[in-house]
Amino acid sequence: MGKLTAGETHRLDRAIVAISVNPELGTPVPDTLPRDYTDGVEGVCVVCYVTALRSGIISGSGAFTAAQSPVAA
């Protein structure tokens, strides 16, 4: 995350907030748990899934690889 610019961090943060509010966002990846979420306005694409403990696991390519975020109940 340290390699992200301020703009990239802001866009990723908005995507994480959207997913935490609605974990069903995105398209299910066939035969797996993850969902593919793309925000065309912000230019962000993440693959994520919600764990049994309601933590969101987010993975992406480029400057970051994974992060965890609490998901709204």
#### Entry: Stretch gain in nm, segment residue 32-residue 4, where the contour uses 0.36 nm per residue and the Cα spacing is subtracted
7.2 nm
### Per-residue HN-Hα couplings for segment 21-28 [Karplus 6.51, -1.76, 1.60; θ = phi - 60°; Hz; x = Gly/Pro]
6, 9, x, 8, 4, x, 10, x
### Query
For residue 44, which sequence-distant residues (separation of 5 or more, or a different chain) have an amide H within less than 5 Å of its own amide H, given hydrogens modelled in the peptide plane?
39
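Can you tell me the length gained on complete extension of the stretch residue 22 to residue 51, counting 0.36 nm per residue apart and subtracting the Cα distance? Before the final figure, lay out the partial values.
Numbers: separation 29, 0.36 × 29 = 10.44 nm, distance 1.38 nm.
Separation in residues times 0.36 nm, less the Cα-Cα distance, equals 9.1 nm.
Using only alpha-carbon positions, what ratio does the radius of gyration of segment 1-43 give when scaled by 2.2 N^0.38 Å? Please list the in-between numbers first.
Values: Rg = 11.8 Å, N = 43, 2.2 N^0.38 = 9.2 Å.
Normalised Rg, Cα atoms only: 1.28.
Throughout, read-outs are computed from the coordinates displayed, never taken from laboratory work. Computed from a predicted structure; not experimentally measured.
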